[in-house]
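Here the structure is laid out as structure tokens; the discussion comes afterwards.
The values are calculated or read from the model by the stated rules, or taken from the named source; none is laboratory data. Just so it is clear, the model here is predicted, and its values are computed rather than measured. With ideal geometry, Cβ positions are generated from the backbone for all residues, glycine too; neighbour counts draw on all protein chains shown. Accessible surface areas use protein heavy atoms only, side chains included; no ligands, DNA or RNA. Shrake-Rupley method; radii C 1.70, N 1.55, O 1.52, S 1.80 Å.
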Amino acid sequence: AVGCIIYSDPGSDGYTEGDVFPKGAYRPPEGVQRGSVMDMPLYPGDPLTPGIGATKNAKRLPMNDVKVFTKIPCIPISYADAQPLLAALSGPVAPNNWRGTLPITYHVGPGNAKVHLKMKSNWDIKTIRDIIAVIPGSEYPDEWIIRGNHYDAWVNGAEDPISGQVALLEEARAYSELLKQGWKPKRTIVYCSWDGEEEGLLGSTEWAEEHAEELKQKAVAYINTDGNGRGYLWIEGSHTLEHFFNSVAADIVDPETKLSALERDKLARIANGSADQRKEVRQRADLRIGALGSGSDYTVFLDYLGIASANLGYGGEDGGGVYHSIYDDIYWYTHFSDTSFVYGRALSQTVGTAVMRLADDELLPFTFSDFAETVNKYVDELQTLLKSKQDDIEERNKEIEEGVFTATADPWVKSVPPKKEDVPPYLNFAPLLNSADELTRSAARYAAAAKMVADVKGVSLKDVNEKLMLSERYLTSEAGLPGRPWFKHEIYAPGFYTGYGVKTIPGVREAIEQKQWKLAEEQIVLVGGILEKEASLIDSAAEELEKISKNK
């Protein structure tokens with residue numbers, strides 16, 4: 001390939017979904033979605049300084065050694081400009097899931113038309129500016145609660161990122177009023193406005209890499225927002241914080257329904273979910289939160305440093321198609337999104353409440369039962385994935401033997417003679433299964449111990465909290481994931497081949513997906529060992545609480 005031209009099809013976010021701007025919220029024919037094509041599943045941040053802060057005197061890679069720059073020139077265009085190019089293609093008709101909704105027949109090429117692609121790239125080094133504000137902790141100044149949102153935008157950025165940034169500023173204003181009244185947080189609160197997020201998570205990554213050792217020692221949690229709209233509260237993050245965020249959501253009033261944000265989310269999942277999902281919502285103590293992949297400023301905190309993190313916001317009732325375009329402006333936002341800013345206020349209340357509780361709780365609100373249950377779910381998924389691979393390969397081999405595969409293949413596949421594959425071997429999941437069981441037992445022990453000290457007063461919990469702060473760090477490995485050592489978290493990571501989307505227990509999952517069976521075996525043992533160490537840490541924290549309970 002000598003060039004790549006990307007467009008947003010109206011089937012995704014244009015007239016197929018609703019009226020286009022300015023009549024409606026969706027992408028008009030001239031709308032162009034900007035974005036970075038840097039290969040961030042290798043590492044985000046300044047491409048010249050992986051793993052170190054891009055300060056003035058930092059040692060930088062030569063340009064030829066940078067692996068995250070894509071070698072193929074790439075440019076985005078609108079679907080109005082894409083249509084004549086697509087219409088000029090001939091060749092086989094595209095498969096169903098390759099077709100959009102432009103009024104043409106989609107072909108896969110080639111065609112007679114020629115495209116002249118001319119690009120200019122600026123390789124200057126520019127200064128970017130993070131804005132950091134600190135409220136020192138009155139009792140535990142070396143325990144930090146970090147809150148961030150980026151302030152740079154591709155164009156106008158009313159929703160992304162300013163709707164999240166104004167919520168952050170409102171939280172900061174509220175804290176300033178509380179400080180005037182004499183309130184002081186027990187733990188240090190660090191508020192961050194990041195620069196350079198859109199080009200590759202630059203500001204957050206470089207700041208965190210520069211302060212990595214201090215953050216490993218002091219950071220309790222990182223809470224991120226990026227944009228905000230109208231609708232339901234959505235939360236993704238570390239499952240050690242799942243119960244905590246359920247408790248926060250239970251105390252926030254949804255501005256439209258006057259229900260709690262948690263109750264509204266539950267009702268939405270019951271209304272829209274499958275039978276199994278509805279059953280889970282009704283029976284499970286906590287509403288499940290999603291896992292984090294990448295795509296915003298939490299990446300360096302969770303994936304590189306092992307700091308418990310969350311990303312949240314409101315949305316779901318403000319569909320639109322102006323993402324990363326010039327149309328994301330104040331007119332669009334006040335006509336089609338959070339038109340009266342009530343969900344901006346709700347986001348400030350939600351995150352502000354979470355930050356204050358994390359800063360002031362005597363015992364840090366980490367819990368491990370939800371996490372253990374989620375890990376067991378991930379292990380079950382891995383076993384199902386392997387079985388699916390085995391079945392698919394067996395079925396395909398049978399079709400090749402019978403000549404069915406070639407006869408039914410699409411035209412461009414027929415030119416490549418299909419070959420039989422070896423059926424995937426048996427993988428020994430025992431290290432993962434045993435460690436997941438151990439994690440479940442440790443989580444239950446900790447939950448019981450925490451309950452016993454809930455009402456204990458006047459006792460220092462500093463030693464326990466230090467262990468809890470380390471619980472997410474214990475889920476990382478120094479060597480990092482196969483082929484991309486910058487990503488060190490062994491439970492969550494963005495997919496190597498899927499971009500932002502999360503892969504859970506990624507070392508094992510991606511090895512199975514890529515049919516790297518030996519690597520899968522090795523990763524099973526590695527992750528099993530990490531979960532065993534995590535269980536031991538949780539047991540140690542529980543033991544500390546049990547001692548306090550006996551002596552109360």
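Values computed for the structure shown
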| item | result |
| --- | --- |
| DSSP-assigned coil residues among trypsin sites (Lys or Arg not before Pro) in the stretch 467-522, each with at most 14 further Cβ atoms within 10 Å | Lys515 |
| Under 5 Å, built H, 5+ apart or other chain: amide partners of His107 | Ala94 |
| Label point at Lys114 placed 7 Å out along Cα→Cβ; residues across the stretch 1-23 whose backbone nitrogen lies under 19 Å | 1-5 |
| Backbone HN-Hα couplings from phi across the stretch 178-195 [Karplus 6.51/-1.76/1.60, Hz, Gly and Pro as x] | 5, 4, 5, 8, x, 5, 9, x, 5, 9, 6, 10, 10, 9, 10, 10, 8, 9 |
| Using alpha-carbon coordinates, inclination of helix 342-360 to the longest axis of the chain, degrees | 50 |
| Relative contact order of the chain, defined on C-alpha pairs under 8 angstrom at six or more residues apart (%) | 16 |
| For the stretch 238-389: rounded, prolate or oblate by the Cα gyration tensor [a/c cutoff 1.5] | rounded |
| Chain lengthening between Lys518 and Thr384 when straightened (0.36 nm per residue, less Cα-Cα) | 46.4 nm |
| Projected label distance in nm at Arg99 and Asp455, using a 7 Å step from Cα toward the beta-carbon | 6.8 |
| Carbon and sulfur %, accessible surface of the chain computed with the full protein complex present, 1.4 Å | 53 |
| Residues Asp437 and Thr16, FRET efficiency given R0 of 41 Å [Cβ-Cβ distance, rounded to 0.05] | 0.30 |
| Rounded to whole Hz, the Karplus (6.51, -1.76, 1.60) HN-Hα couplings of the stretch 280-295, x for glycine and proline | 5, 4, 6, 9, 6, 4, 10, 6, 5, 9, x, 8, 8, x, 8, x |
| Span from the the stretch 137-158 Cα centroid across to the the stretch 39-109 one, whole angstrom | 30 |
| The chain - Debye-derived log10 I(q)/I(0), Cα point model, q = 0.06, 0.13 Å⁻¹ | -0.34, -1.56 |
| Area accessible to solvent at Thr105, 1.4 Å probe radius, in Å² | 80 |
| FRET E, pair Ser540, Ala87, Förster distance 45 Å, beta-carbon r, rounded to 0.05 | 0.10 |
| Calculated FRET efficiency for the pair Lys279/Glu421, C-beta based, R₀ 45 Å, to 0.05 | 0.75 |
| Mean-position separation - Cα centroids, the stretch 333-374 and the stretch 473-552, in angstrom | 26 |
| Per residue accessible area of the chain, 1.4 Å probe, in Å² | 48 |
| Those GluC sites (Glu not before Pro) in the stretch 448-552 that DSSP places in a loop and that have at most 12 other beta carbons within 10 Å | Glu478 |
| Residue-wise HN-Hα coupling along the stretch 135-151, computed from phi with Karplus coefficients 6.51, -1.76, 1.60 (Hz; x: Gly, Pro) | 10, x, x, 7, 10, 10, x, 8, 10, 10, 9, 10, 10, x, 7, 8, 10 |
| Charge dipole (debye, nearest 20) of the chain; +1 at Cβ of Lys and Arg, -1 at Cβ of Asp and Glu | 180 |
| The chain - Cys residues lacking any other Cys C-beta under 4.7 Å | Cys192 |
